[in-house]
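Asks: Below are the structure tokens for one structure; questions will follow.
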Ligand code: FES
Ligand SMILES: [Fe+2]
């Protein structure tokens, strides 16, 4: 056993930074809300990588600032008070902040206080794309601000035979949900593109109803089974399972148990890839011509916000109507729920073993050959992250 432990320790050393990333990575674009969840005049609070963020939409656009009053630290979004178009006031003692700059513009009952004009809350860049509001979470005034495209899956060439929709495509429509999962974000990522967990999905409605021959397992047979993006410092950083490259052994039979996949059909172009800061792309899923994306946004050390969206390209009103119908009656119940409910269940089960600070899982797990892509991901994050978030248990909102 000493040999296996030594091997494990050597591998672990190559992804030590990842093991410290319980609270996620900082200086990345993360999805915060769907656009339809924040109408003009709405204020909502979200927590990303432990940072409380208030989002407010006015006629001028969406603004994001730290959702923690400088005065006594309360969460402002729980009782939003706005007395002018471009400010928000804390509901407790009236500290009033400029939405765009975060500057303390006045204190309602103490307008001459020397703090006025001399303090500010951090603000966060916003970008709206494909029905989603993204917020850049990280260091104050991080520069240069990366393009949102760098934190999305790669956009494959237009002439790629099995190309499925990307969030930057023209006329792309994004339909989906987000919900909170009770596990660390890394367990969610590692479940999302784990090529070894096909057996869990064997009885899924989306598989059975389409008569798919989902392999029992996908085992990489050479380093070329995995393509790594972004090592040169340009564009998204990620890792792709090249299932159709001939460098994966697709296991269709387990002799010992005499098990086969149920179905016989295949999904052409089905492939998974994962990008920093934790966004999954499943091409041609849940059927040929659609793409499923998932984000696993760290909330705190033990929870993630699980985003599941399906992308379709709709060039006409009729196509849009059909896609929405298909989404609502088919993919929402059988893909985003039935199939992905099992994924959420698996992550929450793993959480007990890995339970972040003090959990034994990171030391005691016994990974095997089919987990090569998972250790590849851990090493990639360790080499290329823009910053590891430190635990955010009630830090001061004061800018340093
Ligand atoms: S806590 Fe916000 S003004 Fe006092
Ligand atoms: Fe899964």
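Asks: Checking the structure you have, find out if any residue of region 286-296 is within 13 Å of the chain's Cα centre (by Cα) and without any contact (Cβ under 8 Å) to a residue 60 or more places away in the chain. If you could, list the steps in order and put the result at the bottom.
Replies: Initially, region 286-296 is screened for residues within 13 Å of the chain's Cα centre (by Cα), giving 292-296.
Next cut, without any contact (Cβ under 8 Å) to a residue 60 or more places away in the chain only: 292.
There is at least one residue in region 286-296 that is within 13 Å of the chain's Cα centre (by Cα) and without any contact (Cβ under 8 Å) to a residue 60 or more places away in the chain.
Asks: Something else now. Condition test on residue 328, is it away from ligand 2 (no atom under 16 Å from the Cβ) and surrounded by 15 or more Cβ atoms within 10 Å (Cβ to Cβ)?
Replies: So residue 328 fails the test.
Asks: Has region 101-120 got any residue that is in the same structural domain as residue 37 (by TED's automatic domain parsing) and in contact with a helix residue (DSSP H, G or I) (Cβ under 9 Å, 6 or more places away or on another chain)?
Replies: Within region 101-120, not a single residue is in the same structural domain as residue 37 (by TED's automatic domain parsing) and in contact with a helix residue (DSSP H, G or I) (Cβ under 9 Å, 6 or more places away or on another chain).
Asks: Further question: With respect to the numbered conditions (1) more than 15 Å from residue 51 (Cβ to Cβ); (2) crowded, with 17+ Cβ neighbours inside 10 Å; (3) in contact with a helix residue (DSSP H, G or I) (Cβ under 8 Å, 6 or more places away or on another chain), which one is the sole condition not fulfilled by residue 68?
Replies: (1)
Asks: If I go through region 336-361 residue by residue, how many of them are at pLDDT 90 or above and either over 17 Å from residue 180 (Cα atoms) or part of a loop (DSSP other than H, G, I, E, B) (or both)?
Replies: Looking only at that region, the number is 3.
Asks: Only one of (1) over 23 Å from residue 133 (Cβ atoms); (2) in contact (Cβ under 8 Å) with a residue 40 or more places away in the chain is not met by residue 92, so which one is it?
Replies: Of (1) over 23 Å from residue 133 (Cβ atoms); (2) in contact (Cβ under 8 Å) with a residue 40 or more places away in the chain, only one is false for residue 92: (2).
Asks: Filter region 24-49 down to the residues that are assigned to a loop (DSSP other than H, G, I, E, B), surrounded by fewer than 23 Cβ atoms within 10 Å (Cβ to Cβ) and touching a residue at least 60 places away in the same chain (Cβ under 8 Å) and list them by number.
Replies: Of everything in region 24-49, those that are assigned to a loop (DSSP other than H, G, I, E, B), surrounded by fewer than 23 Cβ atoms within 10 Å (Cβ to Cβ) and touching a residue at least 60 places away in the same chain (Cβ under 8 Å) turn out to be 27, 38.
Residue-wise test of (1) surrounded by 17 or more Cβ atoms within 10 Å (Cβ to Cβ); (2) modelled with pLDDT under 95; (3) not in a loop (DSSP other than H, G, I, E, B).
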| residue | (1), (2), (3) |
| --- | --- |
| 128 | no, no, yes |
| 134 | yes, no, yes |
| 141 | no, yes, no |
| 154 | yes, no, no |
| 161 | no, yes, no |
| 164 | yes, no, no |
| 170 | no, no, no |
| 173 | yes, no, yes |
| 178 | yes, no, yes |
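Asks: Read through the list (1) under 24 Å from the mean Cα position of the chain (by Cα); (2) at positive phi, then give the number of the only condition that residue 186 fails.
Replies: It is condition (2) that residue 186 fails.
Asks: Criterion first (loosely packed, with under 14 Cβ neighbours inside 10 Å and either outside any loop (DSSP other than H, G, I, E, B) or in the same structural domain as residue 304 (by TED's automatic domain parsing) (or both)) does residue 150 satisfy it?
Replies: Numbers: loosely packed, with under 14 Cβ neighbours inside 10 Å: no; either outside any loop (DSSP other than H, G, I, E, B) or in the same structural domain as residue 304 (by TED's automatic domain parsing) (or both): yes.
So residue 150 fails the test.
Asks: Pairs under 9 Å by beta carbon, first residue more than 11 Å from residue 217 (Cα to Cα) in region 249-263, partner not in a loop (DSSP other than H, G, I, E, B), six or more apart or different chains?
Replies: That search, which allows pairs on different chains as well, returns 259/199; 262/207; 262/208; 262/212; 263/207; 263/208; 263/212.
Asks: Within the set of pairs 6+ apart or on separate chains, which have a first residue in region 188-216 that is touching a residue at least 24 places away in the same chain (Cβ under 8 Å), a second that is in a loop (DSSP other than H, G, I, E, B) and within 9 Å of ligand 2 (Cβ to nearest atom), and C-beta atoms under 8 Å apart?
Replies: Taking only residues 6 or more apart or on different chains, the pairs are 191/197.
The values are calculated or read from the model by the stated rules, or taken from the named source; none is laboratory data. Model, not experiment: these values are computed from the prediction. Neighbour counts run over all protein chains shown; Cβ positions are idealised from the backbone, glycine included.
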